[in-house]
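The values are calculated or read from the model by the stated rules, or taken from the named source; none is laboratory data. Since the model is a prediction, treat every value here as computed from it, not as a measurement. Here Cβ is always computed from backbone atoms with ideal geometry, including for glycine, and neighbour counts include all displayed protein chains. What goes into the accessible areas is simple: the full protein's heavy atoms, side chains included, and nothing from ligands, DNA or RNA. Shrake-Rupley method; radii C 1.70, N 1.55, O 1.52, S 1.80 Å.
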Amino acid sequence: MIRFEDVSVTYDGASAPTVSGVELTVPEGELVLLVGPSGVGKSTLLGTVSGLVPHFTGGTLRGRVTVAGRDTRTHKPRELADVVGTVGQDPLSHFVTDTVEDELAYGMESLGIAPDVMRRRVEETLDLLGLADLRDRPIATLSGGQQQRVAIGSVLTPHPRVLVLDEPTSALDPAAAEEVLAVLQRLVHDLGTTVLMAEHRLERVVQYADQVVLLPGPGQAPVLGSPAEIMAVSPVFPPVVGLGRLADWSPLPLTVRDARRRAGALRERLEGMAPPTDTTPVSDRTATATATSLAVHRGRIEALRRVDLTVSPGETIALMGRNGAGKSTLLSAFVGLVVPSSGSVEVAGAVPHKTSPRDLIRRVGLVPQEPRDLLYADTVAGECSAADADAGAAPGTCRALVEELLPGIPDATHPRDLSEGQRLALALSVVLTARPPLLLLDEPTRGLDYAAKARLVTVLKGLAAEGHAIVLATHDVELAAELAHRVVILAEGEVVADGPTEEVVISSPAFAPQVGKILAPLPWLTVGQVRTALQEGA
């Protein structure tokens with residue numbers, strides 16, 4: 001269905017190809033997963049299938065990519081639209097209408113599909129993706145995860161033969177991600193749809209793949225194989241594989257169920273041991289931030305209801321809950337972007353929505369879901385210079401943070417040419433330059449591979465040890481297990497759980513990390529905890 005013949009892509013001004021020597025075939029009716037570290041060219045390779053590369057991105061495409069027999073060099077994206085449906089990392093860039101139902105119908109209207117067929121397919125897609133209650137909602141009022149489901153739905157309704165998906169579950173809560181992956185499974189198994197997907201959250205998707213394509217590094221030829229074969233050698237792998245490697249299980253398990261069947265001996269070794277915990281003390285000094293009986297209305301929607309939350313110096317809190325639960329709204333209240341309808345918010349002695357931006361930047365920093373919202377300069381060096389000036393920091397402060405989070409980004413690179421994960425690293429560095437007492441992050445691991453996520457965890461733990469308070473809204477249960485002292489779960493704008501991470505997530509099937517599920521009822525959360533315990537007990 002998709003054939004790559006000695007494909008390489010070189011962007012204008014680049015000294016080397018982003019991808020090169022790609023020679024592989026994606027058969028019809030298979031789900032093929034594209035994996036590899038951030039910045040190795042996964043999005044570029046996906047773009048060659050839809051024709052976006054090079055018709056919209058520029059650069060030089062060498063070799064040949066054919067989809068259902070059509071050469072993407074000679075067929076522009078609109079000439080492939082009846083065959084290929086594409087969802088990129090940024091769902092907002094897809095939308096051309098204002099409401100959910102109109103967006104689901106738009107692609108079919110463009111292809112001239114009959115109105116009665118359109119109506120039926122819209123209803124089917126609303127049900128498939130759990131969007132029926134949102135059908136009349138303006139897209140601008142949806143959460144990031146809801147927007148991502150709408151973007152996926154808009155490419156499903158025309159019934160393309162090929163789906164190209166770039167990080168399709170990155171902004172989805174665990175339950176919504178499972179729903180989307182179940183839909184993709186149904187399309188592959190029942191309708192013979194071909195799916196080519198790039199995803200960093202391998203713990204969610206690797207078990208569904210028929211084949212896995214590993215891009216080892218920039219300019220290196222890809223490696224194709226079964227999920228088990230590739231996970232045995234891949235530099236990026238989910239916690240279940242990490243635990244399997246640590247315990248020397250062969251073949252490596254890809255699912256929690258397979259791992260649980262083999263974990264009996266490991267559970268016996270860990271019985272009676274206590275998981276190592278973060279010894280960083282949470283300060284009992286005056287709270288960095290408080291929300292008291294906080295309520296926020298967005299039009300007729302009550303986004304937050306009677307929320308009470310205290311954040312102490314040195315504390316890391318993970319806000320979790322389904323898409324639309326109010327996590328981003330709560331972060332916005334802490335940074336003054338929304339005004340409370342009732343109740344109060346205080347951050348570092350100030351009321352955020354009544355404080356000038358120049359003063360507020362030294363009290364609280366927010367890295368939003370869309371990092372590009374913070375980026376305005378033409379180069380990475382320009383962004384860093386502006387951040388240093390705004391924060392009154394020594395020249396080079398921001399640039400040093402970028403290098404720590406994601407090494408090797410050239411100064412002259414335009415932020416728009418960075419991958420999603422690289423943009424996040426740059427935006428986080430811009431915010432951290434001011435060293436605010438309170439740091440807020442909204443879905444901070446979108447687009448990050450496991451190595452980049454580990455670097456982020458190291459940086460955030462260092463900030464917490466220095467006394468910074470950190471609140472992150474995330475659907476990444478592995479990140480919460482690795483980093484958070486507390487987990488706060490929101491539902492319908494209300495706090496429904498608030499407690500130590502190990503107590504809250506272990507008791508929740510939706511929010512438990514893979515290691516927690518494998519070793520339950522023992523209270524272990526991460527591969528790192530198990531490794532440390534085994535080394536100390538050896």
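Only one residue in Thr286, Thr292 is part of a loop (DSSP other than H, G, I, E, B), more than 26 Å from the chain's Cα centre (by Cα) and at negative phi, so which one is that?
Working: Thr292 fails: part of a loop (DSSP other than H, G, I, E, B).
Exactly one residue qualifies, and that residue is Thr286.
Counting only helices (runs of 4 or more DSSP H) that sit wholly inside region 161-237, those with at least 2 residues that are of a type outside the set (Lys, Arg) and touching an Asp or Glu at 6+ places or on another chain (Cβ under 8 Å) are 202-205.
Based on what the data block shows, is Gln220 open to solvent by 30 Å² or more (accessible area, probe 1.4 Å), touching a strand residue (DSSP E or B) at 6+ places or on another chain (Cβ under 9 Å) and either closer than 12 Å to Leu33 by Cα or at pLDDT below 95 (or both)?
Working: open to solvent by 30 Å² or more (accessible area, probe 1.4 Å): yes; touching a strand residue (DSSP E or B) at 6+ places or on another chain (Cβ under 9 Å): yes; either closer than 12 Å to Leu33 by Cα or at pLDDT below 95 (or both): yes.
Answer is yes for this residue.
Among residues that are in contact (Cβ under 8 Å) with a residue 60 or more places away in the chain, open to solvent by less than 70 Å² (accessible area, probe 1.4 Å) and touching a Phe, Trp or Tyr at 6+ places or on another chain (Cβ under 8 Å), Leu24 is included. Only a single criterion out of (1) modelled with pLDDT under 90; (2) within 26 Å of Ala221 (Cβ to Cβ) is not satisfied by Pro91, namely (2).
Listed here are the residues, each with its yes/no results for (1) open to solvent by less than 30 Å² (accessible area, probe 1.4 Å); (2) at pLDDT 95 or above; (3) of a type in the set (A, V, I, L, M, F, W, C); (4) touching a Gly at 6+ places or on another chain (Cβ under 9 Å).
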{"site": "Val233", "(1), (2), (3), (4)": "no, no, yes, yes"}
{"site": "Ala247", "(1), (2), (3), (4)": "no, no, yes, no"}
{"site": "Pro251", "(1), (2), (3), (4)": "no, no, no, yes"}
{"site": "Glu268", "(1), (2), (3), (4)": "no, no, no, no"}
{"site": "Gly272", "(1), (2), (3), (4)": "no, no, no, no"}
{"site": "Asp278", "(1), (2), (3), (4)": "no, no, no, no"}
{"site": "Arg285", "(1), (2), (3), (4)": "no, no, no, yes"}
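Here Leu439 passes the criteria (1) assigned to a helix (DSSP H, G or I); (2) within 23 Å of Ser385 (Cβ to Cβ); (3) open to solvent by less than 10 Å² (accessible area, probe 1.4 Å) except the one numbered (1).
Taken as a whole, region 262-274 holds no residue that is more than 24 Å from Thr501 (Cα to Cα), out of contact with any strand residue (DSSP E or B) (no Cβ under 7 Å at 6 or more places or on another chain) and not in a helix (DSSP H, G or I).
Are any residues in region 107-153 in a loop (DSSP other than H, G, I, E, B) and either charged (D, E, K, R) or closer than 23 Å to Ala177 by Cα (or both), and if so, which ones?
We begin by selecting, within region 107-153, every residue in a loop (DSSP other than H, G, I, E, B); these are 111-114, 129-131, 135-137, 142-143.
Across region 107-153, the qualifying residues are Leu129, Gly130, Leu131, Arg135, Asp136, Arg137, Leu142, Ser143.
One line per residue, one yes/no per condition, for (1) within 22 Å of Thr169 (Cβ to Cβ); (2) more than 17 Å from the chain's Cα centre (by Cα); (3) basic (Lys, Arg):
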{"site": "Lys453", "(1), (2), (3)": "yes, no, yes"}
{"site": "Val471", "(1), (2), (3)": "no, no, no"}
{"site": "Thr474", "(1), (2), (3)": "yes, no, no"}
{"site": "Leu483", "(1), (2), (3)": "yes, no, no"}
{"site": "Glu492", "(1), (2), (3)": "no, yes, no"}
{"site": "Asp498", "(1), (2), (3)": "no, yes, no"}
{"site": "Ile506", "(1), (2), (3)": "no, yes, no"}
{"site": "Ala520", "(1), (2), (3)": "no, yes, no"}
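Taking the numbered list (1) touching a helix residue (DSSP H, G or I) at 6+ places or on another chain (Cβ under 6 Å); (2) open to solvent by 20 Å² or more (accessible area, probe 1.4 Å) in turn, Arg257 passes all entries but (1). Just to be sure, is Pro115 over 26 Å from Glu443 (Cα atoms) and open to solvent by 20 Å² or more (accessible area, probe 1.4 Å)? So Pro115 passes the test.
Select from region 406-422 the residues that are among the charged types (D, E, K, R) and either open to solvent by less than 40 Å² (accessible area, probe 1.4 Å) or touching a residue at least 60 places away in the same chain (Cβ under 8 Å) (or both) and list them in ascending order. Steps first, answer last, please.
Filtering region 406-422 for residues among the charged types (D, E, K, R) gives 411, 416-417, 420.
Within region 406-422, Asp417, Glu420 qualify.
Here the condition is being surrounded by fewer than 19 Cβ atoms within 10 Å (Cβ to Cβ) and touching a helix residue (DSSP H, G or I) at 6+ places or on another chain (Cβ under 9 Å); of Glu109, Glu79, it holds for Glu109 alone. Picking from residues in region 26-49 that are touching an Asp or Glu at 6+ places or on another chain (Cβ under 9 Å) and in a strand (DSSP E or B), the one that is nearest to Gly192 (Cα to Cα) is Leu31. Within region 28-52, the residues that satisfy the criterion of being of a type in the set (A, V, I, L, M, F, W, C) and either modelled with pLDDT under 90 or at positive phi (or both) are Val40, Leu52.
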